[in-house]
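Below is one structure, written out as structure tokens; comments come after it.
Nothing in this text is a laboratory measurement; each read-out follows from the coordinates by a stated rule. Keep in mind that this is a model prediction, so the values were computed, not measured. Because the Cβ atoms are built from the backbone with ideal geometry, glycine has one as well, and the counts that use them run over all protein chains shown.
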Amino acid sequence: MPSIHDSYLGLAPEATYGTAVAPTRFLEMLSEGLAGKYERIESEAHRAGQRVLHMDRFQPNPKGAEGDIKLEVMDSGFGLLFAHALGATAAGAPSGGFTTHTSTVGDLKGKALTVQVGRVAVGGVLHPFTYEGGKVKGWELSNQVDGILQMSLDLDFEKETIGAGAGAYAAATPTYGTDGQLFTFVGGSVQVAGAPFGVSDISFKGENNLKADRWLSTGKQEPLEEGMREYTFELKGEFEDLVHAQRVAASLASNNVAAISASWASPQGGLLTVTIPVGRFDEDPLNFDGAKLIEQSIKGKVLWDGTTSPISVAYKSKDVAP
């Protein structure tokens, strides 16, 4: 009999937006918050004696689904997510059982995922919930001292299908790779302007600014970009010197910016590197709070130099394809 321990998360890329496909990749999840959106269209007309909406004067109005998933990043299985989060991916030549896929800022049109979550009722029945037309609205990579690198994805979907059906809607049988290893703080390093910077907490965030409410008479249309994307970073460490505070306070724009890179290595040789050629330093409060070491929390925005991808993720993994 299935139990809560049989819950699963599976996904697969779609050939056509909103056309569900059976999950082919299964990832270990920390949590998920995916849920359908169901509105009601209610009558505003009035009949004699009416003080409450009449029972048959509304229409169910499904409006897709949305939510987040939280994962621990491993050196296999995540290339697909980076590609859908950023837009473009190029693969290097395989070497020593690893292939490096570099994801950069590119077009998100046509990139959609089907996600299926297996949820188990208290009576011991596993129910698949299938979400098609999945688009990445936003994402975050974060790592705290003594912790595992985590990835969060904020997703929008064209439709939720509840319960088992045929084909892509049938309950999947999860299969997991056996050669993946975790990226942890132990294998991490950060550089600012080419110099090592010790951190206790690090975060990179991306907002893709998708117009997700494209509803027409033909149904939900694929969310497309509008406005500019926004990428931000936060680096927390100890107050060592004035270098970063002076970057924030500099009166010349060229002195407000610096390159940032962060890398994580897995024990078996996997590697994940986030590169920001131009990071603008916007905040760096340094305050006394009792007889404690002063902490430094640098926050800033990623900018574009006109040529290089504003942010890139090089993912050396066991995956031959993203």
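Please compute the net charge surrounding residue 284, taking Lys and Arg as +1 and Asp and Glu as -1 over other residues with Cβ under 13 Å from its Cβ. Neighbourhood net charge equals -3. Couplings 3J(HN,Hα) for the range 266-275, derived from phi with the Karplus relation 6.51 cos²θ - 1.76 cosθ + 1.60 (θ = phi - 60°), are 8, x, 8, x, x, 8, 10, 10, 9, 10 Hz, where x marks Gly and Pro. Charged side chains reduced to their Cβ positions (Lys and Arg at +1, Asp and Glu at -1) give the chain a dipole of some 780 debye around its Cα centre. Listed values for the range 196-201 are Karplus-derived 3J(HN,Hα) couplings in whole Hz (6.51 cos²θ - 1.76 cosθ + 1.60, θ = phi - 60°), namely x, 9, x, 10, 10, 7, and x replaces Gly and Pro.
Largest GNM mean-square fluctuation among 28, 240, 158, using the chain with Cα springs under 10 Å: 240.
Just want the answer: with Cβ charges of +1 for Lys and Arg and -1 for Asp and Glu, which residue in 291, 95, 195 is farthest toward the dipole's positive end in the chain? Going by the Cα projections, it comes out as 95. Divide the volume of the convex hull around the Cα atoms of the range 178-242 by the residue count and you get 178 Å³ per residue.
In the range 164-322, the C-alpha radius of gyration followed by the widest Cα-Cα span (Dmax) gives 20.6, 64 angstrom. Loop-located trypsin sites (Lys or Arg not before Pro) in the range 241-294 (DSSP state other than H, G, I, E, B) with a sparse environment of at most 15 neighbouring Cβ atoms within 10 Å: 292.
Each of 254, 275, 243 was scored by the projection of its Cα onto the charge dipole of the chain, and the greatest displacement toward the positive side belongs to 275; charges sit on the C-beta of Lys, Arg, Asp and Glu.
May I ask for the Rg/Rh ratio of the chain, computed from Cα atoms with Rh as the Kirkwood radius, given to two decimals? Dividing the radius of gyration by the Kirkwood radius yields 1.04.
Rounded, prolate or oblate: which fits the range 49-164 when a ≥ b ≥ c are the square roots of the eigenvalues of the alpha-carbon gyration tensor, with rounded for a/c under 1.5 and prolate only if a/b beats b/c?
On the way: a/c = 2.56, a/b = 1.99, b/c = 1.28.
Prolate, since a/c reaches 1.5 and a/b exceeds b/c.
Projecting label points 7 angstrom from Cα along Cα→Cβ for residue 186 and residue 61 puts them 5.4 nm apart.
Each of the peptides 282-291, 133-142 was scored by the mean count of other Cβ atoms within 10 Å over its residues; in descending order, highest first, they stand as 133-142, 282-291.
For the range 8-72, the calculated P(r) over all alpha carbon pairs, in 10 Å bins from 0 to the bin holding the longest distance, is 16, 30, 22, 15, 13, 4 percent.
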